[in-house]
Each structure stands twice: as structure tokens, then as C-alpha cells.
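Accompanying notes for the structure given below.
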Amino acid sequence: MKVLVDNKEIRIDGELAEEIRKRSGENVYLCYQCRKCASGCPNRQFMESTPTELMRYIQLGMTEEAMKKDTVWYCLSCQTCTARCPQGIDIAHVVDMIRIIVQEKGIKADTKNERLFNWLWMTILHFTGRMYEVALTGALNTFTGKPFKDLKLGMKMISRG
Ligand code: SF4
Ligand code: SF4
């Protein structure tokens, strides 16, 4: 695809955007970067790139950035972004598609524990139908070799009911 920037023709690789469109029916080129998705995202503070930036990466064919940033692994699939998008883009679905493509291609993310966090999150949801933060925290700490990391905070919370 070609676009005009400062009267210069620039070629953009639309392969990832097209792949996402085929799999999910979502057209990322409808995004006009209003940032409503990012401003409502409950996990944005932990992400290297916001959902808005993720959409821009895909639009510009910046596949590496879209797939290797931790955004998709910190996404909680809460659908807030989807509900807020004035363009009706199901952003959470786009994030799901990227997760699937990354897994299929066997791409190693530039992340440490985010992938594990996402896997634990989804596994707990799958088996219980809801999220238990205590179980998530306990499992994450155990799998990362720090089982007692949040024990002090946990005791404090329990003591306050
Ligand atoms: S679905 Fe993911 S990206 Fe969208 S608001 Fe929720 S956590 Fe953020
Ligand atoms: S809310 Fe929709 S249009 Fe706005 S930045 Fe996010 S994806 Fe783009």
C-alpha cells in the first residue's frame, strides 16, 4: 500500500493488518488515533505501548513492534477499549489475533513474565469463569521463584478484611 507523506510516496507493509482483517473482520485502518481506548485501559500503566500505539504499529506495518511489545500480554481482555472505540473496532479481538499469530509463528516476545502472567490469567478464567486475584498473584510469584513476595501485603489485606 502507498501513502503520501509531505508529498512523498511511502510504501507501507499492510500484511499484518490484512491478516487481522481476514481472521477477525476488524479493519485497523478505521482507527484515527483518538486514544479513547488507551485512556480507558486498566492495565495501560504496565504496558510498553498503549492499545492506541498498537493500532498505529499495525496500520504502519510495524510488525516487529506490534508483536514484540508487551501490550498484548498485559491485556486483560476486559473489552473496555472495544466498548469505548468511536469507530466500532473490536480492539480486544485484534489483540487476541496478535497473540494467536505470535504463538503460531513461534515469535519470542521481548518480555519477561508478561506471557506467563497472561497464560495464568486465561487459565484461571478458563477453569473458574472468574478472576481470583489471590490465586493469580500466588501462582505468578510461585512460578517466578518468589513465592513469598507479596505475603506481607496479603497479611495486611486479610487483617483489614
Ligand atoms: S481489553 Fe486489553 S487493551 Fe483493551 S482495555 Fe482491556 S486490558 Fe486494555
Ligand atoms: S478508540 Fe478506536 S479510533 Fe480511538 S485510538 Fe482506539 S482504536 Fe483508534
Next on the checklist: Explain nothing, just the number: dipole magnitude of the chain about its Cα centre with +1 on each Lys and Arg Cβ and -1 on each Asp and Glu Cβ, in debye rounded to the nearest 20.
Outcome noted: 620
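By Kyte-Doolittle mean hydropathy of at least -0.5 and Cα axial length of at least 18 Å, which whole DSSP H helices of the chain are selected?
Numbers: long enough: 91-105 (21 Å, 0.81); 114-128 (21 Å, 0.37).
Once both thresholds are applied, what remains is 91-105, 114-128.
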Checklist outcome for this item: Ranking 59, 86, 24 by how far each Cα lies towards the positive end of the charge dipole of the chain (+1 on Lys and Arg Cβ, -1 on Asp and Glu Cβ), the top one is 86
Item to check | Cys residues of the chain counted as unpaired, since no other Cys beta-carbon is under 4.7 Å | outcome: 31, 34, 41, 75, 78, 85
Item to check | Coarse-grained scattering of the chain at q = 0.09, 0.15, 0.18 Å⁻¹, given as base-10 log I(q)/I(0) from a Debye sum over alpha-carbon atoms | outcome: -0.36, -0.86, -1.15
Checklist entry - Between segment 3-36 and segment 111-157, what's the alpha-carbon centroid distance in Å? => result 35
Checklist outcome for this item: The answer for the net charge of residues other than residue 51 whose Cβ lies under 14 angstrom from its Cβ, with Lys and Arg +1 and Asp and Glu -1, is 0
Checklist entry - Which lysines have a Cα lying under 27 Å from the Cα of residue 68, excluding residues fewer than 8 positions away in the same chain? => result 2, 22, 36, 105, 108, 112, 146
Checklist outcome for this item: residue 63 neighbourhood, Cβ < 13 Å, K/R = +1, D/E = -1, net charge -2
Checklist outcome for this item: Counting Lys and Arg as +1 and Asp and Glu as -1 over every other residue whose Cβ sits under 15 Å from the Cβ of residue 135, the net charge comes to 0
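Here, each number is a calculation from the coordinates, and none is a lab measurement. Fair warning: this is a prediction, and the values are worked out from it, not measured in the lab. Counting neighbours? That spans all protein chains shown, and the Cβs are built from the backbone with ideal geometry, glycine included.
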